[in-house]
2 protein chains.
Amino acid sequence: LPLSLSEYNTHNCIPRKSVLYQDNMKLFREEGIWNYSTMLVREDLGLLILGAREAIYALDIKDISIKKSVVNWPVTDEKLKECTSKGKHAESECRNFIRALHKMDHNTMYVCGTNAFSPTCVNVTYSEGHLTRGDRLEEGKGKCPFDPIQRYSSVMVGNELYSATSNNFLGSEPVVLRSGPSSLRTVFKSSWLNEPNFVYMDLVPESDNNPEGDDDKVYLFFSENAVEYDFYNKLLVSRVGRVCKGDVGGQRTLQGKWTSFLKARLDCSLPEPSLPSIVQDVFLLKDSDWTKSVFYAVFTPQSSLSDVSTVCAYNVSTIGQLFDTGKFKTPVTVETSYVKWVMYSGEVPTPRPGACINNAARALEMTRSLDLPDKTLQFISDHPLMDEAVPPLTGRPLLVKKGAMFTCLVVDNVLALDGERHAVLFIGTENGFVQKAVNYAGEMFIIEEIQLYRTPEPIKTMRLSSSTGQLYAGSDYGAVQMPLCDCGRYESCLDCVLARDPYCGWDLSSGVCSAVVNSTKFVQSLKNGDISQCPKSDTLKPENHTLVPGNNIKLPCQPDSNLAQVHWLFSGQPLLSGTKHYIYNGGLLILNASTNDAGPYTCESVEQVNSRTHTRTMAVYELQPQTNKAEEGTETMT
Amino acid sequence: LPLSLSEYNTHNCIPRKSVLYQDNMKLFREEGIWNYSTMLVREDLGLLILGAREAIYALDIKDISIKKSVVNWPVTDEKLKECTSKGKHAESECRNFIRALHKMDHNTMYVCGTNAFSPTCVNVTYSEGHLTRGDRLEEGKGKCPFDPIQRYSSVMVGNELYSATSNNFLGSEPVVLRSGPSSLRTVFKSSWLNEPNFVYMDLVPESDNNPEGDDDKVYLFFSENAVEYDFYNKLLVSRVGRVCKGDVGGQRTLQGKWTSFLKARLDCSLPEPSLPSIVQDVFLLKDSDWTKSVFYAVFTPQSSLSDVSTVCAYNVSTIGQLFDTGKFKTPVTVETSYVKWVMYSGEVPTPRPGACINNAARALEMTRSLDLPDKTLQFISDHPLMDEAVPPLTGRPLLVKKGAMFTCLVVDNVLALDGERHAVLFIGTENGFVQKAVNYAGEMFIIEEIQLYRTPEPIKTMRLSSSTGQLYAGSDYGAVQMPLCDCGRYESCLDCVLARDPYCGWDLSSGVCSAVVNSTKFVQSLKNGDISQCPKSDTLKPENHTLVPGNNIKLPCQPDSNLAQVHWLFSGQPLLSGTKHYIYNGGLLILNASTNDAGPYTCESVEQVNSRTHTRTMAVYELQPQTNKAEEGTETMT
């Protein structure tokens, strides 16, 4: 049974803890430099390589506020003049915005920048604590966008760069390109790419232990104008596409073009009717068995009337199966003018169009894509789109959240004390928060949200370093580092266990919440939030307050979880918010106090996990009537 | 240039005044009776006729809490048993829910009820203060829904009932029916009606002074499944349809069926991409020149992810022109399975399919629809849908509002002091409020929102009586009456003029805000909110308060407009909300007061109309330090 949105909301929307901006956040930015939007983690060199506007930084992977080296790469005056003469803005467009950073052999990076609408690439080397830019500039057209604000993706496979961007100054000619000795590209027609917005690319090593002798593949995620729907407006859809690593193009047909470009719609729909949601970022959670690898994707609504973001996961093998065995869509001309895309039900040529060279092809003595027959090639040239959409892993979104839009995500694979592995999602938002979420037995749980920037700042990119346990986020303003877990935030055993953070457990020996190591001395209960192993806590001693009749009295109490409800008791009886008592976020306000209000007050925090209720006394007060003379003010200001 | 949604919000979303539920609201309900959802205003009899569950009431039109008479119309035990045996619910379904109330000659009403899923109609007469139900029961199938919760519409024209409902127990067979001597109905196929939801029907007397000798027409508003779009889900669209009053069906083709049924999509789209919005209710604002009559319609989103309701207006003549001269859509079969609806570009037969019998037809010696050639009839049978959509009057929605969904509307035509007529919209909402809105020079302005029910209660129906100046609203809970204006609510000249209510003006002679009559002694300024004619108000005398150090002090001040901002001044200097001073909805809170806080406090309300700023002093306080001894509390509790 599909959940309604309201059920989704109730279950998934609220992070258990909201961690507001803290001044000790590790931040890197330099005065006058903007757009910290490209990152490369080099655990081997102990560096985070950061690309910004006209600068590439080598930062300490453990503390990115420590700059080890920088290499500047400004545009030449000539380039700047040429760019502005074409009507582009000198500061926001005609600069060299670093957009690609790829790991090459040893200590080298392949770096591309927009270079004043004249994309250019170069090698940058880190050696003896210094970054050095190579002399040999390479043409970056098709490898890197012209326009700094255009979405883009690329991946380095061996020494070949796969890139998806637009290929011209106007941004009107999209291309999926492999540069290098055997350069290949997409056919320039709308059935292949229809005003696409590229967001992610990655390699899946599908040749590993492959019984069909299949090839490695590069997957591509993007959104584009739908050709298959007919709507009263332009309609965007999300897509996954892929090409084969061994593809070398066709002999006559599709010469120099992909023979293996296939695409399908990505489905991440809610039970409610809505326009298709738009993929914004993807993360490939790799498994040593590639068939078990999973793509996690964040989606935002197509319509600004909605503020519901979603996360869906897709199995690599589900996508593969759709491409390998699914039906194709075919265009049909209706009434001379309209073209309608419908399921192709005719005969599909052999070898199957879009397939990589595999054992089946080799059996037909086709060992390279050059050997493929024209019939197969012509078919794929005309039918790159699959009929069916790729369904999400669980048949529906993993996470649905109203509020600030999701912009990007990374996923960490965490081994918990129970021996199970959990995929922990770190989702960046438009207002500079990270949502840390995990799925327990089908139920999504947001452990915490962490504010990374003092002011709302869209997070543009995120990178993970599992070995150092750090997350790096980039925005226009600066790059920020945060630990994947900060268990010390949980001050009591109850709070530590109810946090259900797979990184954290309550250390019974030292009596603090800390990162788990394989040991029996920790209390952790991820699925049930079972606190029975926690040590009994002492009874709270009441705090005495004096009651001055006629005064407003404030008794502070703040629950440590957003999921907890606060209950106030007066002499053991529950108090309700009303004209006399006002229960607010920070505590209880007793308005116009009278001597009748003297007595004991208790603040309790009540939190549910899987319909089990945990009650904790947060504060106890004793209001004592004034004895003989008036006192100056009675409340505790916090 | 289209406005973005945020601009819409800023301009239109906030009602100037929120009038919360008041106990003196005139309410009619009887214990144990529910579903007060059908109303007929009989100004000639001084009655509001109200249909509820198994009862018809005659209420005093001036005060509906006064019941003049009631006639009960329960189901028989036999009917009840038969209905429950078919699996329907005894209380919520197998009762006689009154759904149609129509004015007949003299003091008679034609009444239809669902009668335990066996719709039945009867005459009800009001005479000498008593309602009497006639003996002759008529079969109500096709005239009234079987199912009480199904949306439905009907209109009485002369003594012929036009109804749009479903024609069978299952609710699966929709029909637009004219009952009476020349009964006609729609063809039962999905191109005519595709799971429709009927909301409104009305007659436009288009034969009046018609140079083309055209016929009167009945317009029908509904939503249904789109056939013309191709989307990954079922897609609803809003429609306007119409038939000719003089239609008597075809001779061979379309025998007993409408020869004049045409329909078109209703457009009320926002600048943002979104699913088509769904029409919920319509009101025909009649003009003595029918070509100037306007349909006002409320729409709600198709997707529950959005909470944006809209109002669009449609010119009768724009709709007429589309039906009379627009292109048709035609179905084309694609690849044997799909049917695609595209613009028909072939030859259209003569007389034009779907047209009423007019001078052009009469010139061809066709004086009745029976005379129409098969070719014309076959064409309209196959092509009832127009290619283009009906655009809203101003090219975009008149009103766009986030929040509680709109459910229904009525429109009053108000003559203001400036001699202009203004259409004042009264819009009912899902949570029991009425939004009173008016359009000044293209800018929509919500004068006030009025809460009609103590608890949130969807308003199901609304009726207007302009002659008595009353609005009637019906819900499951009860029927409520409110005056179209309550000028006395505005206590100052400034508030009265800034309200920009065309019903109200400031009476300079009596010094109160009251309903305008044609006289020069009133101040009214609808477009500009110009208060220069208002008399100068006296300076407020400061209210003295004693300051007890350490206390929290509350200084009340509430602006009389939601559009006003409150500014606080201390000794003439602006105060900001912070840890010391907390400015909230009800006034200013000074926390932990000290002797430094003594002095004069002023509360000002600042309101803008058309970028002109009006400032008004709402309250002045003088905080005086304690003189000799402690006092018990210092604040004014309101």
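Select from region A:178-206 the residues that are surrounded by 21 or more Cβ atoms within 10 Å (Cβ to Cβ), within 19 Å of A:Leu254 (Cα to Cα) and without any contact (Cβ under 8 Å) to a residue 60 or more places away in the chain and list them in ascending order.
Matches in region A:178-206: A:Ser179, A:Leu193.
Do you know which of the residues in region B:550-560 that are away from chain A (no Cβ under 14 Å) and surrounded by fewer than 21 Cβ atoms within 10 Å (Cβ to Cβ) is nearest to B:Ile446 (Cα to Cα)?
Restricting to residues being away from chain A (no Cβ under 14 Å) and surrounded by fewer than 21 Cβ atoms within 10 Å (Cβ to Cβ), the top hit is B:Asp560.
Mind listing just one residue for me: the one in region A:304-321 that is within 20 Å of A:Ile380 (Cβ to Cβ) and either surrounded by fewer than 21 Cβ atoms within 10 Å (Cβ to Cβ) or within 11 Å of chain B (Cβ to nearest Cβ) (or both) and, of those, farthest from the chain's Cα centre (by Cα)?
In this case the residue turns out to be A:Gln321.
Name the single residue, out of those in region B:528-549 being crowded, with 16+ Cβ neighbours inside 10 Å and part of a loop (DSSP other than H, G, I, E, B), that is nearest to the other protein chains (Cβ to nearest Cβ).
B:Pro549
Out of A:Ile56, A:Ile66, A:Ile61, report the one residue that is under 24 Å from A:Glu31 (Cβ atoms) and surrounded by fewer than 16 Cβ atoms within 10 Å (Cβ to Cβ).
A:Ile66
Name the single residue that is farthest from A:Ser317 (Cα to Cα) among those in region A:283-303 being hydroxyl-bearing (Ser, Thr, Tyr) and within 14 Å of chain B (Cβ to nearest Cβ).
It comes out as A:Ser303.
Would you confirm whether or not region A:383-405 contains a residue that is touching a Gly at 6+ places or on another chain (Cβ under 6 Å) and among the acidic types (Asp, Glu)?
Yes, region A:383-405 contains a residue that is touching a Gly at 6+ places or on another chain (Cβ under 6 Å) and among the acidic types (Asp, Glu).
Filter region B:482-510 down to the residues that are in a strand (DSSP E or B) and surrounded by fewer than 24 Cβ atoms within 10 Å (Cβ to Cβ) and list them by number.
If the condition is that a residue be in a strand (DSSP E or B) and surrounded by fewer than 24 Cβ atoms within 10 Å (Cβ to Cβ), then B:Met482, B:Pro483, B:Asp507 are the ones that fit.
I need the strands (runs of 3 or more DSSP E) fully contained in region B:86-133, keeping only those with at least 3 residues that are crowded, with 24+ Cβ neighbours inside 10 Å.
Per the criteria, B:98-103, B:108-113.
Among strands (runs of 3 or more DSSP E) lying entirely in region A:297-416, which contain 3 or more residues that are closer than 30 Å to A:Cys485 by Cβ?
A:308-315, A:399-402, A:406-415
Give the residues of region A:197-239 that are small (Gly, Ala, Ser) and away from chain B (no Cβ under 14 Å), sorted by residue number.
A:Ser207, A:Gly213
If B:Leu569 satisfies all but one of (1) surrounded by 16 or more Cβ atoms within 10 Å (Cβ to Cβ); (2) not in a loop (DSSP other than H, G, I, E, B), what's the number of the condition it fails?
B:Leu569 satisfies all of (1) surrounded by 16 or more Cβ atoms within 10 Å (Cβ to Cβ); (2) not in a loop (DSSP other than H, G, I, E, B) except (1).
So which residues in region A:459-509 are among the polar types (S, T, N, Q) and touching a Gly at 6+ places or on another chain (Cβ under 6 Å), if there are any at all?
Correct list: A:Thr461 only.
When B:Glu365 is evaluated against the numbered criteria (1) surrounded by fewer than 18 Cβ atoms within 10 Å (Cβ to Cβ); (2) away from chain A (no Cβ under 14 Å); (3) at negative phi, which criterion, by number, is the only one it fails?
B:Glu365 satisfies all of (1) surrounded by fewer than 18 Cβ atoms within 10 Å (Cβ to Cβ); (2) away from chain A (no Cβ under 14 Å); (3) at negative phi except (3).
Does B:Ser594 meet the test of being within 14 Å of another protein chain (Cβ to nearest Cβ) and surrounded by fewer than 18 Cβ atoms within 10 Å (Cβ to Cβ)?
yes
Given the conditions (1) touching a residue at least 60 places away in the same chain (Cβ under 8 Å); (2) in contact with a Pro (Cβ under 8 Å, 6 or more places away or on another chain); (3) more than 28 Å from B:Asn233 (Cα to Cα), which single one is not true for A:Trp341?
Condition not satisfied by A:Trp341: (3).
So, B:Ala58, is that one out of contact with any Gly (no Cβ under 6 Å at 6 or more places or on another chain) and either under 23 Å from B:Val155 (Cα atoms) or not in a loop (DSSP other than H, G, I, E, B) (or both) or not?
yes
Only one of (1) within 29 Å of B:Lys62 (Cα to Cα); (2) under 33 Å from the mean Cα position of the chain (by Cα); (3) not assigned by TED's automatic domain parsing to the domain that holds B:Thr455 is not met by B:Lys527, so which one is it?
(1)
Among A:Pro331, A:Pro349, which is within 14 Å of another protein chain (Cβ to nearest Cβ) and of a type outside the set (A, V, I, L, M)?
None of the others qualify; the one that does is A:Pro331.
Within region A:597-630, take every residue that is without any contact (Cβ under 8 Å) to a residue 40 or more places away in the chain and on the phi > 0 side of the Ramachandran plot and give me the one that is farthest from the other protein chains (Cβ to nearest Cβ).
For region A:597-630, the residue satisfying everything is A:Ser611.
Could you list all residues from region B:182-211 that are part of a loop (DSSP other than H, G, I, E, B) and of a type in the set (Phe, Trp, Tyr)?
B:Phe188, B:Trp192
The values are calculated or read from the model by the stated rules, or taken from the named source; none is laboratory data. From a predicted model like this one, the values you see are computed outputs, not experimental measurements. Reconstructed Cβ throughout: ideal geometry from the backbone, glycine too, with neighbour counts over all protein chains shown.
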